[in-house]
Amino acid sequence: MKTLQFIVSLIFLAGCTDRQSKTNDISKIAYADTIIKHDTVFYNNDNNWQDGFGLTHDPDKDSIWGKSVKFYIDNPKCSPIAIDFYTGQFRPTDNNTTAALLKLATTNDNNLRPFYRWCLNKTIQIQDGALAEYTGVPARQYAEKFPKEFFTYMDIDTTKEKYNSWANAISYSGFYDMDDYKKPQDIRKRLTQTMNENCINCSEQLEKRIDKFAKDCFE
C-alpha cells in the first residue's frame, strides 16, 4: 500500500514539474517580446530601431514623398512586409524576407514605388555588416532602372549623406554574378550604359552625373 502511495506521489510531482517547466518556457517567450506572423517570419514588437526615422506611426501624419503613409498602406497591392516595416513590426536582417522587401524598390508601380524606396533607404541607413550584404544590389537596380528619379531623390538631401550612403552600399555589395570585382572599369561601363539607356531625353549634365556616380560606386 505504501509502495502504491509512493508511486502516485511521484507521478503527481512529475506532473507539477512538467507544468512548471512549460510555464517557465512561456515566460521566456513572453520576455523575448517576439511574435510570429506570416508563418515563418519573426517580428519584434520593439521598434526602437526606428529612432532616427522621424516617425509618429500615425499613417495620417507621417508622409513619404509628398503623400501620407495612409495613401500607401491603404493600397490593396501594398506589400504586407513593407507595411510591417513601417509599423516597426518587421526589422530587416540577413534573410530572404529582407531581400524580397528591398527588391520592391524597383517595382513599375508608380504609386507604391516611393514607399518601397523609403524602405530601402531606411534599411541602408541602419545597415550593419550582415545587413549591408543585402542593400547593394537593389540600390544599384533602382538607380539603373530609374536614373532621373534616382538623382531627384538624392538631391532632396543637400548634405549628400544619402547619396554617399547609397554609393557606399552599392560599392560594398552591389555586384552582379557577371561582375568581376577585380575589374571595376568593366562594372562602371555596364552601370553607366544601363543608366544612360534608361535615361530618356538625358541631358549632358545628367550624363556627367551618371559617369561620376559609377566612379563613386566602383573605383
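Listed by position, the helices (runs of 4 or more DSSP H) contained in the range 1-104 that have at least 2 residues being modelled with pLDDT under 50 and of a type in the set (Lys, Arg) are 2-32.
Would you check which residues across the range 153-205 are crowded, with 18+ Cβ neighbours inside 10 Å, β-branched (Val, Ile, Thr) and within 23 Å of the chain's Cα centre (by Cα) and list them? Selection gives ILE170 alone.
The helices (runs of 4 or more DSSP H) falling completely within the range 146-219 that include 3 or more residues that are among the β-branched types (Val, Ile, Thr) map to 184-197.
The values are calculated or read from the model by the stated rules, or taken from the named source; none is laboratory data. Computed from a predicted model, the values in this text were never measured in an experiment. In this analysis, Cβ positions are derived from the backbone assuming ideal geometry, glycine residues included, and neighbour counts consider all displayed protein chains.
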